[in-house]
Amino acid sequence: MTRYRRYLERISRAAQKVSTRPASSSYIWGGRRSPLAFAVFHLFFLIRLLSPLQWIKYSVRRRNAAKPPTTNQRPDFPAAYTEWYFIVILVAAGTVYMLRHAANPRPPALLAWLLSATGWLLITECVVWVIYYLMLRAFVERYYTIFHPAEYVLTFPLLLTIQVLLVSDVTGRGITELLQAFIGNPEAGDQFGTTLAVFGLAYLGVAITVVLSSHPGIDTRTAQTISVIGAGDVTLNRILPALKTLGYERSSITISSIEDPETGSARTAIGDDAQFHMTSPDKVLATALREHAPTIIASPTFAHFTQLVALATAGIPFAVEKPIASGRPERTVLRTEGAQLMNRGFALSYYSLEKALPLTYFLQPLPVYSRYLAASEPGLLGGAALHALREELGQVRSVHIDLLEGASRSPAGYGRLWTEVPGTLHPFIETTIHPLLLLRHITGSGSITWTGCALGRNAPRAAQVRAQYGQEIAPTWLEATAQHGATELRMRVAKYVPASLAQRRAVITYANGSVSADFDSRRVGFEVNGRDRGWIAIDTDRDAGRYQQNYAVLISLFMEFAINGWGAVRFDDFYRQLDALDNWDDLCELVDQHRTPVTEYTAESLVTSRPTLTALSVVP
């Protein structure tokens, strides 16, 4: 009786504590204490005193109270104990049910009475457990936790089965009759059946509550349609052909663009390959926001930041073309808020994530990259052989990257004019971002020190733009040298070069060998101590040869992210691209400070003479 009295005192204190809660209490409705709520909740406290399970909980917690405390305010009572308790009751109720229907003699009156009384007690316990734990508990115990989301979802049908068997045992009614009444079809004039029907409605509410509160929900797959913002050269000649190769139909592709002098030719080029919408700048995002489909931002750089913020705010998965943002203030925001802004954003990089993907994998062997690659020997796509190769090569000594493109790959007309104006070095980032990002991959973190620079401008293209549009274009030739620790860096980037000079490659010299990357064949080869050590390349035979199409690998990586998320690690170049853009701004500022001359050239003159490299010493 002493334990019983103490237990009553504890419940009384808990009830008193609840009854004196401030205005946020469950009993305070409309600024006044609700006597009905107060009475109902305390009634459940009292009825639960009849529950054998509550006394088992009390005993277990008393026994565990002396153990070291956890983060819980009281010792845990494992959910498994509750489940075993109800399973025992289920077995007992089922046994009584089978014995009652067997051809055995009826039990003595006293035993029958005890069985009936026990049955009604357990029925009451089950009803109170269902209503309290599955409906009312959240009002009283605001910060309770369950051990697993499925705990109540699984326990509720177990309690229903127990109650049906117990009611059948104590009333002698058949299960079919009880279930018929429970679902709302009692016999006429049957008061007990009508009561069961009322409980059936109440339990339906309980079932809905359990599903809504405990079920983790089903993740919906991202829409298989895709939106593209911008109808420029990248969209027409790279993104759209890649989407078609990957199996996207016209109805699944929507391209939105503002009106400009090239819109008519863009509409003609798109034809029946996609749905095309021409709209005003303030409405260019409307389709993406309405469809909530993965979106590729392929608009001019100055519009990227505003558009990615809008898509990130809407929770839409998106990809953004390089460069992600041209200004330092925008990149500062991206650095500080990148976890939120780019959580659903993918920084596209045509070179490091496709043309140079074999090199990227060699430097950062993420499994998501290997699915697009083939190798001279399978071990090069595994861990041990690749690690051994990197160890044999030793330290990086120098990096030379050439990205020299002929007239067919260079801007013409109005379509890509925005990549060439104004006439400073900054707009050239549209092309130089590729070698800059590869340098960042190779050297790792930390700024580089620019030591020399040579600039040139294609004279025919410059004259054409001046005559037709009245503007000066940016340099179209850049050779820059730099240092990163003891590593020598050099990159040459140019447009409008003769076919004899056109090449896109990188050579990394190590202490004991070299790595050569051919960006046109999308292949990287390894040499150690004068011996050929194999190659890694884009697997152009994989998936029926779909990766022969340029941009197909890059778009596939984006869609992998859009559908399945990042997984354990980002596999784009978001943060590395921010570093590369900072390095570019440093170079542009040095060029401005030193007033580095810009030499005009023609495709013919480059064969015999090239812009002269001048030193970039730090200006005091």
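Give just the number: which of (1) under 29 Å from residue 575 (Cβ atoms); (2) touching a residue at least 40 places away in the same chain (Cβ under 8 Å); (3) small (Gly, Ala, Ser) does residue 446 not satisfy?
(2)
Are there helices (runs of 4 or more DSSP H) fully within the stretch 355-394 with at least 3 residues that are open to solvent by 40 Å² or more (accessible area, probe 1.4 Å)? List them.
Where helices (runs of 4 or more DSSP H) fall fully within the stretch 355-394 and carry at least 3 residues being open to solvent by 40 Å² or more (accessible area, probe 1.4 Å), they are 384-393.
Could you please let me know if residue 488 is of a type outside the set (Ser, Thr, Tyr), assigned to a strand (DSSP E or B) and open to solvent by 30 Å² or more (accessible area, probe 1.4 Å)?
For residue 488, the condition - of a type outside the set (Ser, Thr, Tyr), assigned to a strand (DSSP E or B) and open to solvent by 30 Å² or more (accessible area, probe 1.4 Å) - is met.
Sort out which residues of the stretch 589-618 are assigned to a strand (DSSP E or B) and open to solvent by less than 60 Å² (accessible area, probe 1.4 Å), and write them in order of number.
Answer for the stretch 589-618, where residues must be assigned to a strand (DSSP E or B) and open to solvent by less than 60 Å² (accessible area, probe 1.4 Å): 598, 601, 614.
Show the residue pairs that are 6+ apart or on different chains and have beta-carbon atoms under 6 Å apart, the first residue being within the stretch 290-302 and of a type in the set (Ser, Thr, Tyr), the second being at pLDDT below 90.
295/288; 299/230; 301/326
What is the residue count in the stretch 507-524 for residues that are within 20 Å of residue 381 (Cβ to Cβ) and either among the basic types (Lys, Arg) or surrounded by fewer than 18 Cβ atoms within 10 Å (Cβ to Cβ) (or both)?
Total meeting the criteria: 4.
Residue check: is residue 320 closer than 20 Å to residue 573 by Cα, of a type in the set (A, V, I, L, M) and open to solvent by 20 Å² or more (accessible area, probe 1.4 Å)?
In short, no.
I need the full set of residues from the stretch 459-481 which are under 28 Å from residue 400 (Cα atoms), open to solvent by 10 Å² or more (accessible area, probe 1.4 Å) and not in a helix (DSSP H, G or I), in order please.
479, 481
Could you tell me whether any residue of the stretch 380-393 is closer than 16 Å to residue 566 by Cβ, of a type outside the set (Lys, Arg) and at pLDDT 95 or above?
Looking for residues that are closer than 16 Å to residue 566 by Cβ, of a type outside the set (Lys, Arg) and at pLDDT 95 or above, one finds none in the stretch 380-393, hence no.
Test of understanding: among 146, 162, which residue is of a type in the set (Val, Ile, Thr), touching a residue at least 60 places away in the same chain (Cβ under 8 Å) and surrounded by fewer than 17 Cβ atoms within 10 Å (Cβ to Cβ)?
Among 146, 162, only 146 is of a type in the set (Val, Ile, Thr), touching a residue at least 60 places away in the same chain (Cβ under 8 Å) and surrounded by fewer than 17 Cβ atoms within 10 Å (Cβ to Cβ).
Could you check the stretch 149-159 and list, in sequence order, the residues that are more than 33 Å from the chain's Cα centre (by Cα) and open to solvent by 60 Å² or more (accessible area, probe 1.4 Å)?
Residue satisfying the conditions is 157 alone.
From the list 449, 443, 432, pick out the single residue that is over 32 Å from the mean Cα position of the chain (by Cα) and β-branched (Val, Ile, Thr).
The conditions single out 449.
Applying the selection to the stretch 92-111, what residues are out of contact with any Asp or Glu (no Cβ under 8 Å at 6 or more places or on another chain) and either surrounded by 16 or more Cβ atoms within 10 Å (Cβ to Cβ) or within 15 Å of residue 168 (Cβ to Cβ) (or both)?
Hits for the stretch 92-111 are 92, 94, 95, 98, 99, 101, 102.
Might you check whether a residue that is more than 21 Å from residue 592 (Cα to Cα), among the β-branched types (Val, Ile, Thr), open to solvent by 10 Å² or more (accessible area, probe 1.4 Å) and at pLDDT below 95 occurs anywhere in the stretch 411-427?
Scanning the stretch 411-427 turns up no residue that is more than 21 Å from residue 592 (Cα to Cα), among the β-branched types (Val, Ile, Thr), open to solvent by 10 Å² or more (accessible area, probe 1.4 Å) and at pLDDT below 95.
If a residue must be charged (D, E, K, R) and either touching a strand residue (DSSP E or B) at 6+ places or on another chain (Cβ under 9 Å) or surrounded by 18 or more Cβ atoms within 10 Å (Cβ to Cβ) (or both), how many such residues does the stretch 114-143 contain?
Residues flagged as charged (D, E, K, R) and either touching a strand residue (DSSP E or B) at 6+ places or on another chain (Cβ under 9 Å) or surrounded by 18 or more Cβ atoms within 10 Å (Cβ to Cβ) (or both) within the stretch 114-143 amount to 1.
Here's the yes/no breakdown for (1) at pLDDT 85 or above; (2) under 29 Å from residue 102 (Cβ atoms):
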{"residue": "164", "(1), (2)": "yes, yes"}
{"residue": "175", "(1), (2)": "yes, yes"}
{"residue": "184", "(1), (2)": "no, no"}
{"residue": "189", "(1), (2)": "no, no"}
{"residue": "197", "(1), (2)": "yes, no"}
{"residue": "210", "(1), (2)": "no, no"}
{"residue": "218", "(1), (2)": "no, no"}
{"residue": "221", "(1), (2)": "no, no"}
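Which condition number does residue 436 fail, the rest of (1) modelled with pLDDT under 95; (2) crowded, with 19+ Cβ neighbours inside 10 Å; (3) in a helix (DSSP H, G or I) being met?
Answer for residue 436: the failing condition is (1).
Could you list, ordered by first residue, the pairs with Cβ atoms under 6 Å in which the first is in the stretch 498-527 and within 13 Å of residue 392 (Cα to Cα) and the second is of a type in the set (Lys, Arg) and modelled with pLDDT under 95, at least 6 apart or interchain?
Cβ pairs passing all conditions: 526/533.
Please state which of the following conditions residue 336 fails to meet, knowing it meets all the rest: (1) within 18 Å of the chain's Cα centre (by Cα); (2) open to solvent by 10 Å² or more (accessible area, probe 1.4 Å).
Unmet condition: (1).
The values are calculated or read from the model by the stated rules, or taken from the named source; none is laboratory data. All values derive from a computational prediction rather than experimental measurement. Virtual Cβ from ideal backbone geometry, glycine too; neighbours counted across all protein chains shown. The accessibility values were calculated without ligands, DNA or RNA, using every heavy atom of the protein model including side chains. Shrake-Rupley method; radii C 1.70, N 1.55, O 1.52, S 1.80 Å.
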